[in-house]
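J.: Here it is, the structure in full.
The values are calculated or read from the model by the stated rules, or taken from the named source; none is laboratory data. Keep in mind that what you see is a predicted model, and the values were worked out from it rather than measured. Using ideal geometry, Cβ is built from the backbone for each residue, glycine included, and neighbour counts are taken over all protein chains shown. Heavy atoms of the whole protein, side chains included, go into the accessibility calculation; ligands, DNA and RNA do not. Shrake-Rupley method; radii C 1.70, N 1.55, O 1.52, S 1.80 Å.
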Number of protein chains: 2
Amino acid sequence: MEYDFAKRTDKMNGTATREIFKLLSRPEIISFAGGLPASEALPQKEIAEIAASLLNGKDAMRILQYGTTEGFKDFRETLADYVKDVGIEGIDIENILVVSGGQDGIDLMCKSFLDPHDKVLVEDPTYLAVLQILNSYEAEAIGVKSEKDGLDLDDLEEKIRKHRPKMLYVVPNFSNPTGKTYSEKKRKAIAEITARHGVMVLEDDPYGKLRFEGESVKSLKSFDCAGNVVYLTSFSKTVSPGLRTGVAVGEKQVIRKMTVGKQGTDLHVSNLSQLIINEYIKKYLETNVERSLSLYKMRRDAMLGAIDKFMPSFEHTVPQGGLFVFGRLPGGLDAEKLLPKAVERNVAYIQGNVFYADGSGRDTVRLNYSNASPNDIERGIKALGALIDEQLRL
Amino acid sequence: MEYDFAKRTDKMNGTATREIFKLLSRPEIISFAGGLPASEALPQKEIAEIAASLLNGKDAMRILQYGTTEGFKDFRETLADYVKDVGIEGIDIENILVVSGGQDGIDLMCKSFLDPHDKVLVEDPTYLAVLQILNSYEAEAIGVKSEKDGLDLDDLEEKIRKHRPKMLYVVPNFSNPTGKTYSEKKRKAIAEITARHGVMVLEDDPYGKLRFEGESVKSLKSFDCAGNVVYLTSFSKTVSPGLRTGVAVGEKQVIRKMTVGKQGTDLHVSNLSQLIINEYIKKYLETNVERSLSLYKMRRDAMLGAIDKFMPSFEHTVPQGGLFVFGRLPGGLDAEKLLPKAVERNVAYIQGNVFYADGSGRDTVRLNYSNASPNDIERGIKALGALIDEQLRL
């Protein structure tokens, strides 16, 4: 039978890099392509202990039965307290929706606000999956220029005037793919500009806790006076991605709309995941994340050191946290064309053009340092540097 | 700020019965309104044991890290074997997508196939959440008449010709809300008719294993020759709804499309849920479900007995499994108007009109018997019968 799929699926082709990713399962490959938290930082013992205590205790039956779409009340109370850390104050549990990882929050925000042909502003470059989700809503992504400390505010306002977007999507802490962090001044200004123009903001913050250098900056949401900002964070990088748990924080009316949207998709987040994360936040999160930071810093240092040594002509960002370094290949080399050659030499990255709304940035690459040992990082960057040098000599 | 929500959300108002449901948390209420599996049947000990063994064993790290959207390979192998029981043969893991409960499977099927204004045929009455999901895709639900043994085939074919629907949604085993089961003859005929007209079928089977009387019937999918049927089942009624795990089985091209759709929503089902269900299927499912059937049968018998005694003029279905009895109030009583009066007397049900595509069936009600004791069932039906008698005398 010939299938008559929905129009929205025309541009839904899965991860652009899927074919390459298949190659990456070869054990000899040193991969800078992923975005996984360090396996060494995953708290296996603590989660085993919490799960055992939950499933043998008074919470067992409410874990096994249906829950409510909003998420457990006690977990939402924990979360309302948790986000005070990024400057979000004065909220209650009706401002909070438990989501199945950050991805679910992005999808529900789009489901609540986007009609086909609506425009959405994104940083150029931005998180790849957002571009894919926007495709699935037949919305149009428009890139906003980016500076060292966040969006170019003139370009932001100009594009708001020109395109009348419904929404702006940003990752202000250690952005995926660039690793950049927005200054407090920029966050305030973005909150003010978008409020003035009535543009919704989705502030995605999966990496904020992974700061191993410099000073924390309050969330963009903390500067929200108009109720136009939804703050999203997940426990995929700080506890475990496999449990698929995150949280969206916003005005009650918006959270209510997202909740109705979630009722139609997966009903609610796994109850077991919710209560594991709830206990983990109360008992372990701060100290365990703190402990993992030295690991992440060591790996970033290994990557920056190796780049200095073996790829000195690679212009790149210097992240103070998170998982990624982003940069530009010398001599206008095409990162997508170079990738198969890199994989032949057992090293992988993601070509940067997939993160650009218009597919530009063909000479850029994203390098992930969080899930490889310093030794492998050095070997991988060395191989990549040698390949680049050869290509430049051709 | 005034929010400019997406058009699709205009008709997304959450569960129609939400306000009533809030009242139901009062402990004195005997509720026939829900659709929960019997709490007594939830396998707390087994799940605690499996979780402990998984999180302390060799699977711990793959549970905690990211998984693939399709679901774990070994779990999909178990599932490919599991569905042989309903007559689905000759498939491999690429025919299988692990979903976050049945709801997620319905949503992904709609996401893959439905454009705004597309028509979808449903049994009249049908599962309430499907009507809500169709609203969220701005698709139109059209009811097909129902007979004792399934859809009215003449009406089905007539409505296919008239409306050119993209899809048919059916619950052939112990349907929600009616508790009816389709005969094998009807299943074959539906497979044949829809294949001939190129209409997709979503066969939703959450209750099939809960048969406490009569003979099992093979799935509609087992009669699929054209590749137009997707079979969906979940472990919410047989293991635990709180773990949010189900499975969609279909042609590879369709499953691939649904997988890309899922990549954009929640990435993948909780890894812990997947592997708990995987072990549970291998070790406990058949025997534990078998054991729970006597409980469900006892509760159905209690309800049918109480109806005979206290509501003899209530015309109703006689389910051989599943969770629901559906019927018509005498004298054209309006079930929605009656509900607040029933709740005053500490008994609740769901008014049947919410299950009809066109909102008709105003004198019908759905009664759930799975999550109340025989004693409470008798007391609740007695109170409801007395109320009905009074209303008829007015």
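J.: Consider A:ALA80 against the criteria (1) part of a helix (DSSP H, G or I); (2) within 12 Å of chain B (Cβ to nearest Cβ): it satisfies all of them except one. Which criterion is unmet?
T.: Here A:ALA80 clears every test but (2).
J.: Surrounded by 19 or more Cβ atoms within 10 Å (Cβ to Cβ) and part of a loop (DSSP other than H, G, I, E, B): does that describe B:PRO27?
T.: Considered against the rule, which asks whether it is surrounded by 19 or more Cβ atoms within 10 Å (Cβ to Cβ) and part of a loop (DSSP other than H, G, I, E, B), B:PRO27 comes out as no.
J.: I'd like the full set of residues that are aromatic (Phe, Trp, Tyr) and either touching a Cys at 6+ places or on another chain (Cβ under 7 Å) or surrounded by fewer than 24 Cβ atoms within 10 Å (Cβ to Cβ) (or both), limited to the stretch B:205-256. Even if it seems obvious, please write down each step before you answer.
T.: From the stretch B:205-256, those aromatic (Phe, Trp, Tyr) are B:207, B:212, B:223, B:231, B:235; that's our starting set.
Hits for the stretch B:205-256 are B:PHE212, B:PHE223.
J.: Additional query: Would you mention how many residues in the stretch A:378-394 are among the hydrophobic types (A, V, I, L, M, F, W, C), open to solvent by 10 Å² or more (accessible area, probe 1.4 Å) and in contact (Cβ under 8 Å) with a residue 60 or more places away in the chain?
T.: Within the stretch A:378-394, the first condition is being among the hydrophobic types (A, V, I, L, M, F, W, C), and the residues that meet it are A:381, A:383-384, A:386-388, A:392, A:394.
Imposing the further condition that a residue be open to solvent by 10 Å² or more (accessible area, probe 1.4 Å) reduces the set to A:383, A:386, A:392, A:394.
Then keep just the ones that are in contact (Cβ under 8 Å) with a residue 60 or more places away in the chain; that gives A:383, A:386, A:392.
The number of residues fulfilling the criteria is 3.
J.: Mind counting the residues in the stretch A:116-132 that are under 13 Å from the mean Cα position of the chain (by Cα) and either within 9 Å of chain B (Cβ to nearest Cβ) or in a helix (DSSP H, G or I) (or both)?
T.: Here the count works out to 4.
J.: Can you pull out every residue in the stretch A:89-115 that is touching a Lys or Arg at 6+ places or on another chain (Cβ under 8 Å), surrounded by fewer than 21 Cβ atoms within 10 Å (Cβ to Cβ) and outside any helix (DSSP H, G or I)?
T.: Matches in the stretch A:89-115: A:ASP115 only.
J.: Right, here's the next one. State whether one or more residues within the stretch B:295-305 are crowded, with 19+ Cβ neighbours inside 10 Å, of a type in the set (D, E, K, R) and over 16 Å from B:ARG76 (Cβ atoms).
T.: yes
J.: So, one more: State whether one or more residues within the stretch B:156-174 are touching a Ser or Thr at 6+ places or on another chain (Cβ under 8 Å), of a type in the set (Phe, Trp, Tyr) and closer than 25 Å to B:TYR137 by Cα.
T.: yes
J.: Can you tell me how many residues within the stretch A:250-272 are part of a loop (DSSP other than H, G, I, E, B), at pLDDT below 95 and of a type outside the set (Gly, Ala, Ser)? Please lay out each step first, then the result.
T.: Going through the stretch A:250-272, the residues part of a loop (DSSP other than H, G, I, E, B) turn out to be A:250-251, A:264-270.
Checking which are at pLDDT below 95 leaves us with A:264-267.
The next check asks that each one be of a type outside the set (Gly, Ala, Ser); those that pass are A:265-267.
Residues in the stretch A:250-272 being part of a loop (DSSP other than H, G, I, E, B), at pLDDT below 95 and of a type outside the set (Gly, Ala, Ser): 3 in total.
J.: Could you grab me the full set of residues in the stretch A:341-377 that are in contact (Cβ under 8 Å) with a residue 12 or more places away in the chain, more than 24 Å from A:LYS237 (Cβ to Cβ) and outside any loop (DSSP other than H, G, I, E, B)?
T.: The answer is A:LYS341, A:ALA342, A:VAL343, A:ASN353.
J.: Now for a separate question. Being surrounded by 21 or more Cβ atoms within 10 Å (Cβ to Cβ) and facing another protein chain (nearest Cβ under 8 Å) is the filter here; which residues of the stretch A:38-47 pass it?
T.: Filtering the stretch A:38-47 for residues surrounded by 21 or more Cβ atoms within 10 Å (Cβ to Cβ) gives A:41-42, A:47.
The answer is A:LEU42, A:ILE47.
J.: Let me ask you something else. For B:THR238, indicate whether it is under 19 Å from the mean Cα position of the chain (by Cα), assigned to a strand (DSSP E or B) and not acidic (Asp, Glu).
T.: Details: under 19 Å from the mean Cα position of the chain (by Cα): yes; assigned to a strand (DSSP E or B): no; not acidic (Asp, Glu): yes.
When the stated conditions are applied, B:THR238 does not pass them.
J.: In addition: Would you pick out the residues in the stretch B:140-170 that are over 15 Å from B:ILE190 (Cα atoms), within 14 Å of another protein chain (Cβ to nearest Cβ) and out of contact with any Lys or Arg (no Cβ under 7 Å at 6 or more places or on another chain)?
T.: Passing the criteria: only B:ALA141.
J.: Out of A:ALA335, A:ALA306, which single residue is among the aliphatic types (A, V, I, L, M), in contact with a Ser or Thr (Cβ under 7 Å, 6 or more places away or on another chain) and more than 30 Å from A:LEU54 (Cβ to Cβ)? Walk me through it before giving the result.
T.: Working: A:ALA306 fails: in contact with a Ser or Thr (Cβ under 7 Å, 6 or more places away or on another chain).
Within the list A:ALA335, A:ALA306, the selection yields A:ALA335.
J.: Just the residues that are in contact with a Phe, Trp or Tyr (Cβ under 8 Å, 6 or more places away or on another chain) and assigned to a loop (DSSP other than H, G, I, E, B), please, taken from the stretch B:35-53.
T.: B:GLY35, B:LEU36, B:ALA38, B:PRO43
J.: Right, another one. Against the definition (assigned to a loop (DSSP other than H, G, I, E, B) and acidic (Asp, Glu)), how does B:ASP301 come out, yes or no?
T.: On the way: assigned to a loop (DSSP other than H, G, I, E, B): no; acidic (Asp, Glu): yes.
Spelling it out, it is not the case that B:ASP301 is assigned to a loop (DSSP other than H, G, I, E, B) and acidic (Asp, Glu).
J.: Mind listing just one residue for me: the one in the stretch A:54-73 that is within 10 Å of chain B (Cβ to nearest Cβ) and part of a helix (DSSP H, G or I) and, of those, surrounded by the most Cβ atoms within 10 Å (Cβ to Cβ)?
T.: The selected residue is A:ILE63.
J.: Quick one: would you say B:ASN176 is assigned to a helix (DSSP H, G or I) and either open to solvent by 10 Å² or more (accessible area, probe 1.4 Å) or touching a residue at least 60 places away in the same chain (Cβ under 8 Å) (or both)?
T.: Numbers: assigned to a helix (DSSP H, G or I): no; either open to solvent by 10 Å² or more (accessible area, probe 1.4 Å) or touching a residue at least 60 places away in the same chain (Cβ under 8 Å) (or both): yes.
No: the conditions fail for B:ASN176.
J.: Mind listing just one residue for me: the one in the stretch A:306-325 that is among the aliphatic types (A, V, I, L, M) and touching a Gly at 6+ places or on another chain (Cβ under 7 Å) and, of those, surrounded by the most Cβ atoms within 10 Å (Cβ to Cβ)? Give the derivation first.
T.: From the stretch A:306-325, those among the aliphatic types (A, V, I, L, M) are A:306-307, A:311, A:318, A:323, A:325; that's our starting set.
Those still in the list that are touching a Gly at 6+ places or on another chain (Cβ under 7 Å) too: A:311, A:323, A:325.
On the way: A:MET311: 22, A:LEU323: 27, A:VAL325: 24.
Of everything passing the filter in the stretch A:306-325, A:LEU323 is surrounded by the most Cβ atoms within 10 Å (Cβ to Cβ).
J.: Another question, if that's okay. Just to verify a result, which residue in the stretch B:187-204, among those that are in a helix (DSSP H, G or I) and open to solvent by less than 20 Å² (accessible area, probe 1.4 Å), is nearest to the other protein chains (Cβ to nearest Cβ)? It would help to see each step written out before you state the result.
T.: At the first step, the residues of the stretch B:187-204 found to be in a helix (DSSP H, G or I) are B:187-197.
Within this subset, residues satisfying the condition of being open to solvent by less than 20 Å² (accessible area, probe 1.4 Å) are B:187, B:190-191, B:193-194.
Details: B:ARG187: 18, B:ILE190: 15, B:ALA191: 12, B:ILE193: 14, B:THR194: 10 Å.
That would be B:THR194.
J.: Select from the stretch B:217-235 the residues that are of a type in the set (Val, Ile, Thr) and either in a strand (DSSP E or B) or within 10 Å of chain A (Cβ to nearest Cβ) (or both) and write down the one among them that is farthest from A:ASN271 (Cα to Cα).
T.: Filtering the stretch B:217-235 for residues of a type in the set (Val, Ile, Thr) gives B:217, B:229-230, B:233.
Filter again for either in a strand (DSSP E or B) or within 10 Å of chain A (Cβ to nearest Cβ) (or both), leaving B:229-230, B:233.
Details: B:VAL229: 31, B:VAL230: 27, B:THR233: 20 Å.
Ranking the candidates gives B:VAL229 first.
J.: B:GLY150 - would you say it is modelled with pLDDT of 95 or more, on the phi > 0 side of the Ramachandran plot, surrounded by 18 or more Cβ atoms within 10 Å (Cβ to Cβ) and touching a strand residue (DSSP E or B) at 6+ places or on another chain (Cβ under 6 Å)?
T.: Working: modelled with pLDDT of 95 or more: yes; on the phi > 0 side of the Ramachandran plot: yes; surrounded by 18 or more Cβ atoms within 10 Å (Cβ to Cβ): yes; touching a strand residue (DSSP E or B) at 6+ places or on another chain (Cβ under 6 Å): no.
In short, no.
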